[in-house]
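Everything on this sheet refers to the single structure shown next.
Coordinate-derived values only; no laboratory data. Note that the coordinates shown come from a computational prediction; the quantities given were computed from them, not determined experimentally. Methodologically, a virtual Cβ is constructed for each residue, glycine included, from the backbone with ideal geometry; neighbour enumeration extends over all protein chains shown.
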């Protein structure tokens, strides 16, 4: 009996020890699995980010950009939201500073960039994001400040000459030809809008700010030199002498007159193309005619994109930006009639075989980017007022030009 009890006791101890060992091993294995699972989740969370893009493009274009951004997100494991936005500078600045702004702004016109850059809201474009030589040189100027890139050009737009093919079999090639044909079939445009009328000042030697050493000089304004005054006199003659249009003509009125067939010649941009097609207007587009044998340099707007200096995901944002820059050119051309600034897309069959858009692209080669420095914001109102005074006969081109430049200088002074 004693021997049996000893054996039983020994057996019991062995069972307890073995049980403890197995329990310990099982506990270690469970703890190890939990730790491994947590590490994996943390690594996934750390490697995946959510980016927000605000866009100033149309709703249809925003949807297309979202579609392309989704492909990048699938490839990288990140998420992207592309939202339509029309907020002004102050609203964007407030959102950015409070941490509620986007990582990327997509589709902002280049003439707004200066205000954003001056406020420190733009991150400088890192090396390797784009190759400047791949782009139309004018578009690179539109996103540069002091020789540095602060945004990426996406597309460009400018205006050209629409003509009714029933009324105008051959588009005018010279300014005199345009005037002669205009007297027969009618010629109109948004005459008091400086964006359009600037072309006639620039064609005669006027300029907004002088380009010096790769920089725009806001102290050198060329809107009241001899060339600018000659251009303003030409615009006055459109209204007062040739009587092509009333002094109070608005853009929508001119558009309506062309669409209804009341006039045969009309200056505007790609944004009117779809409307005319839907209205079954028989039209084509030609580059602007020449003046004294030289092409007319129209204003060009460049749609741009930038990464917010406040973004907490700079690396991922620039990676997405590079992807969008490389993959949105033709989709935006097809969806929104945006003229590509990437040379490869501009020279593609899709663009070259589109007769109407190719005409705008040809004109864009002679276009000047709207100045992107903050001083440009002081130009629009005085210039528009000067045009109204001239076309209404209330001021001579000479006086209106001098008063306009003085008002611009005063406006720039208040910005400093």
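Here the Gaussian network model covers the chain, with springs between Cα atoms less than 10 Å apart; of 341, 379, 307, 379 fluctuates the most. Going by Cα centres, the range 51-106 and the range 348-402 are how many Å apart? Each part's Cα centre sits 29 Å from the other's.
What length, rounded to one decimal in nm, is gained on full extension from residue 365 through to residue 148, with 0.36 nm per residue of separation minus their alpha-carbon distance? Kindly include the intermediate steps, with their values, before the conclusion.
Working: separation 217, 0.36 × 217 = 78.12 nm, distance 2.27 nm.
Separation in residues times 0.36 nm, less the Cα-Cα distance, equals 75.9 nm.
Between residue 67 and residue 119, what is the FRET efficiency for a Förster distance of 41 Å, r being their Cβ-Cβ separation, to the nearest 0.05?
Approximately 0.80, to the nearest 0.05.
So how much slack lies between residue 415 and residue 315, counting 0.36 nm per residue of separation and subtracting their Cα-Cα distance, in nm?
Numbers: separation 100, 0.36 × 100 = 36.00 nm, distance 3.35 nm.
Extra length available between residue 415 and residue 315 comes to 32.6 nm.
Using a simple spin-label model with pseudo-atoms 7 Å out from Cα toward Cβ, residue 242 and residue 83 lie 4.8 nm apart.
Within the chain, antiparallel bridges make up roughly 70 percent of the DSSP beta bridges whose residues both belong there.
Among rounded, prolate and oblate, which fits the chain when a ≥ b ≥ c are the square roots of the eigenvalues of its C-alpha gyration tensor, a/c under 1.5 means rounded, and a/b larger than b/c means prolate?
Numbers: a/c = 3.87, a/b = 2.64, b/c = 1.46.
Cα axes put the chain in the prolate bin.
Using the empirical formula 2.2 N^0.38 Å as the baseline, the Cα radius of gyration of the range 174-303 reaches a ratio of 1.12. Computed from Cα atoms, the angle from the helix 175-185 axis to the main principal axis of the chain rounds to 80 degrees. Helical content of the chain, expressed as a calculated mean residue ellipticity at 222 nm, amounts to -15000 deg cm²/dmol (DSSP H runs of 4 or more residues, -39,500 (n - 2.57) each, divided by residue number, nearest 500). Under a point spin-label approximation (7 Å from Cα along Cα-to-Cβ), what is the residue 50-residue 184 distance to one decimal in nm? Placing both labels 7 Å beyond Cα along the Cβ direction yields 6.4 nm. The per residue volume of the convex hull around the alpha-carbon atoms of the range 112-180 is 160 Å³.
What FRET efficiency, computed as 1/(1 + (r/R0)^6) with R0 = 35 Å and r the Cβ-Cβ distance, is obtained for residue 75 and residue 277, rounded to the nearest 0.05?
Working: r = 36 Å, r/R0 = 1.03.
Between residue 75 and residue 277 the formula returns 0.45.
So, R0 is 22 Å and r is the distance between the beta-carbons of residue 134 and residue 358; what FRET efficiency does that work out to, to 0.05? So the FRET efficiency works out to roughly 0.65.
Report the gain in length on full extension from residue 167 to residue 343: 0.36 nm times residue separation, minus Cα-Cα distance, nm rounded to one decimal. Working shown, then result.
Details: separation 176, 0.36 × 176 = 63.36 nm, distance 3.48 nm.
Gain on extension, residue 167 to residue 343, equals 59.9 nm.
Remark: spin-label model distance residue 226-residue 334 equals 5.2 nm, labels positioned 7 Å along the Cα→Cβ axis.
Which three numbers, in whole Å and largest first, are the semi-axes of the equivalent ellipsoid of the range 302-416 derived from its Cα gyration tensor as √(5λ)? Walk me through the numbers on the way to the answer.
Values: eigenvalues 274, 117, 17 Å².
Semi-axes from the Cα gyration tensor: 37, 24, 9 Å.
Rounded, prolate or oblate: which one fits the range 246-345, using the alpha carbon gyration tensor with axes a ≥ b ≥ c (rounded when a/c is under 1.5, else prolate when a/b beats b/c, else oblate)? In terms of gyration-tensor shape, prolate.
Return the Rg/Rh value of the range 359-416, two decimal places, where both radii are evaluated on C-alpha atoms and Rh is the Kirkwood radius. It would help to have the intermediate numbers written out before the result.
On the way: Rg = 14.2 Å, Rh = 12.9 Å.
Here Rg/Rh amounts to 1.10.
Using the Cα coordinates of the range 83-143, the gyration tensor eigenvalues translate into equivalent-ellipsoid semi-axes of 23, 13, 11 Å, sorted from longest to shortest.
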